[in-house]
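Have a look at the structure below, then the notes.
The values are calculated or read from the model by the stated rules, or taken from the named source; none is laboratory data. Quantities reported herein were computed from a predicted structural model and do not represent experimental measurements. Cβ placement follows ideal geometry from the backbone for every residue including glycine, while neighbour counts extend to all protein chains displayed. Quick note on the areas: whole protein, heavy atoms, side chains included, nothing else; ligands and nucleic acids left out. Shrake-Rupley method; radii C 1.70, N 1.55, O 1.52, S 1.80 Å.
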Amino acid sequence: MSVEVGGVVAIILFYLAILAVGIWAAWKNKDKAKHGELLQNEVIMIGQRDIGLTLGIFTMAATWVGGAYINGTAEAVYVVGQGFAWTQAPIGYALSLVMGGLFFAKTMRSRRYVTMLDPFLETYGGGIGSLMFFPAVLGELFWTAAVLSALGSSLSVIFKINVHLAIIISTVIAVCYTLIGGLYSVAYTDMAQLLCIFVGLYLSVPFASLHPAVSSIAITATQYVYREPWMGRIEPERAWIWIDNYLLMILGGIPWQAYFQRVLSASTALQAQILSFVGALCTLVLAVPSVVIGAIGVSTDWNRTEYGLPDPTHRNETQMILPIILRYLCPNYIAFFGLGAVSAAVMSSADSSILSASSMFTRNIYHGVIRHEATDKELVWIMRAAILVFGTIAAAMTWLSTSIYGLWYLSSDLVFVLLFPQLVSVLYVKGTNAYGCITGYFFGLLLRVGGGEPYLQLKPLICYAGCHLDFRFPSGPIYTQRFPFKTVSMLASFVMNLLVSFLTKYLYNIGIFPPKLDFLHGFDPQFKKEKTNKIASEISGSTDAVEQMPSDKEDEEPQNTTSQDKEPVND
């Protein structure tokens, strides 16, 4: 099929419209960096903490509903051996937002942090706290690369255009408006993109389901028609893996900077919670058409379509089932709308992840570790350079398309195993120190990486209970785990942190651990005071911030609420 000129024109117009929204948002908020409590580099990261409830809900939902989310949901329903029973992302990530709203959003927003890594540097100092940067930034980069790959696949299926060209153009557009307006541009473009996702996907479903080659999805849900029913089932021997995956998504979906960037930009702590809860509902609503499209793929007699036989499963194109259905079961003009939804989903996630990675590097690595005396202007330029660099890296990673989803799965696991227990420790457990942190970190890393990763053909070094040869992989059988080792690795990391922290504190207090051996300064009061003063000063943007910081009562809003906290952006 030749290139669809009309579709290409439609996508170009869509990209120009999104770019225009991003530029308008930057112009609308261009003076906010000059008036308020935050420095200009912090305004790029979280605005002036004046993102109102409506805008916050849109940007929260758009960040989670990416190209990998809607493509991956349809794929999971379609894949033989999975089906709806194993389509865990919609419910898992929705519950993750609920858990984040209940236990983390209010605490983080009340303490007026700027990035997710601030409490780590505040507690452990820059050297140890910066360890958390690596799983956090890898997760953001691999997630961005995964959603860009999803877009490239969709464009190649529908328009037969070069995959890498589409990825480059999408990345350039997202980087441009992120550079110009920071969080404000990202938030306002997210609002436009979420509307495109909703309209594009829901508009495509009726046309695809009414195609003559499609049987009723109500019948194929439980009965064998063209292949196994799309509802799927949970085999008893895989039940622990099913539970393990859900816990990974629910708890591992919390410690992401892209999430906390929205939380920390909210007008109040209460609004940070509300946008988490409503965002969870939105992610479920936007997953419905993807689930239906996956079910339609199972219910289609492909021999009666232009796609023909063999079907997508036997062509090894299951990951592209959503764009395939848009292309072959919908009229062209409807397919263009659907592709616009995919493009919008990709850009809404890509810009958020690029901004998140750049924020953590600029504030917590460059300023927090490398150059403490950096000026605000210098940090602004470092931030802009980081946006360019991380955007380029994410786009370049898509050349590893055969393994990018495996890399993202692994990085997501590392966020769950390494970051989640550490975040709980620094926010809710008094007494943890750098020795416990670093021991728990590497112990969890060993247990998780030692369990292997089938998507990367990474053989396990540790065979947990139920380890067996899996013959489903095209490259040959590989040992995989049936034991919930990811959750066990996370819990082991948390327990090791507590044990080593309290043991070293006890040995220090009774004199067995002499002060001269405290090379990590885990028990140096002066060092802790300097760390606290430094981070707190940066958080509030003033030299007397320590006196103004809120009390240890995490459920209270700070008393020195500024006008920016009281007057949200007019949505």
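Leaving ligands and nucleic acids out of the surface, order D376, D351 by accessible area at 1.4 Å, largest first. Before the final figure, lay out each step's value.
Values: D376 45, D351 0 Å².
Order by accessible area, largest first: D376, D351.
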Per the helix-only calculation at 222 nm, which mean residue ellipticity applies to the chain, given -39500 (n - 2.57) for every DSSP H run of n ≥ 4 and division by its residues, nearest 500 deg cm²/dmol? -20500 deg cm²/dmol
With just the Cα atoms defining each centre, how far is region 216-278 from region 72-120? Give it in Å. 7
Using the charge dipole of the chain (Lys, Arg: +1 at Cβ; Asp, Glu: -1 at Cβ; taken about the Cα centre), state which of P515, V346, S358 has its Cα farthest towards the positive end. P515
How far is helix 67-78 tilted off the main Cα axis of the chain, in degrees rounded to 10, range 0 to 90? 50
Degrees separating the helix 5-28 axis from the principal Cα axis of the chain, which is the longest one: 20
Carbon/sulfur accessible area of region 285-356, % of total, 1.4 Å probe, equals 53
Label-point separation (nm) for L458 and F442, each offset 7 Å from Cα along Cα-to-Cβ? 1.8
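So with the 1.4 Å probe, I'd like the accessible area per residue for the chain, rounded to whole Å².
Details: 22500 Å² over 571 residues.
Result: 39 Å² per residue.
What percentage of the solvent-accessible surface of region 210-259, computed with a 1.4 Å probe over protein heavy atoms, is contributed by carbon and sulfur atoms? Write out the running numbers ahead of the final one.
Numbers: 1770 of 2610 Å².
Roughly 68 percent of what the probe reaches on region 210-259 is carbon or sulfur.
About its Cα centre, what dipole magnitude does the chain give when the only charges are +1 on Lys and Arg Cβ and -1 on Asp and Glu Cβ, stated in debye to the nearest 20? Working shown, then result.
Working: 35 positive and 39 negative charges, 91 e Å.
Roughly 440 debye, rounded to the nearest 20.
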Would you kindly enumerate the cysteines in the chain that have no other Cys beta-carbon under 4.7 Å from their beta-carbon? C176, C196, C282, C330, C437
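Kindly rank 296-302, 510-516, 60-66 from highest to lowest mean number of other beta carbons found within 10 Å of each residue. The partial results should precede the final answer.
Details: 296-302: 24.7, 510-516: 9.9, 60-66: 29.4.
Going from most to least packed, we get 60-66, 296-302, 510-516.
Give K430/K459; K377/K505; K430/K516; K430/K486 a once-over and call out the pairs whose C-alpha atoms are over 29 Å from each other. Kindly include the intermediate steps, with their values, before the conclusion.
Working: K430/K459 38 Å; K377/K505 41 Å; K430/K516 24 Å; K430/K486 25 Å.
As for pairs spanning more than 29 Å Cα to Cα, those are K430/K459; K377/K505.
What ranking of E453, E373, E237 comes out by heavy-atom accessible area, probe 1.4 Å, highest first?
E373, E237, E453
What order do F336, F420 take when sorted by accessible area (1.4 Å probe), most exposed first?
Details: F336 45, F420 25 Å².
Ranked from most to least accessible, the order is F336, F420.
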Can you pull the percent of region 1-149's accessible area that's carbon plus sulfur, 1.4 Å probe, other chains left in place? 73
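What ranking do 358-366, 312-320 get when scored by the average of other Cβ atoms within 10 Å per residue, highest first? Present the calculation step by step, with values, prior to reporting the outcome.
Values: 358-366: 25.4, 312-320: 16.7.
In descending order of packing, they fall as 358-366, 312-320.
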Against the longest principal axis of the chain, how steep is helix 163-209, in degrees 0 to 90 to the nearest 10, with axes from Cα atoms? 40
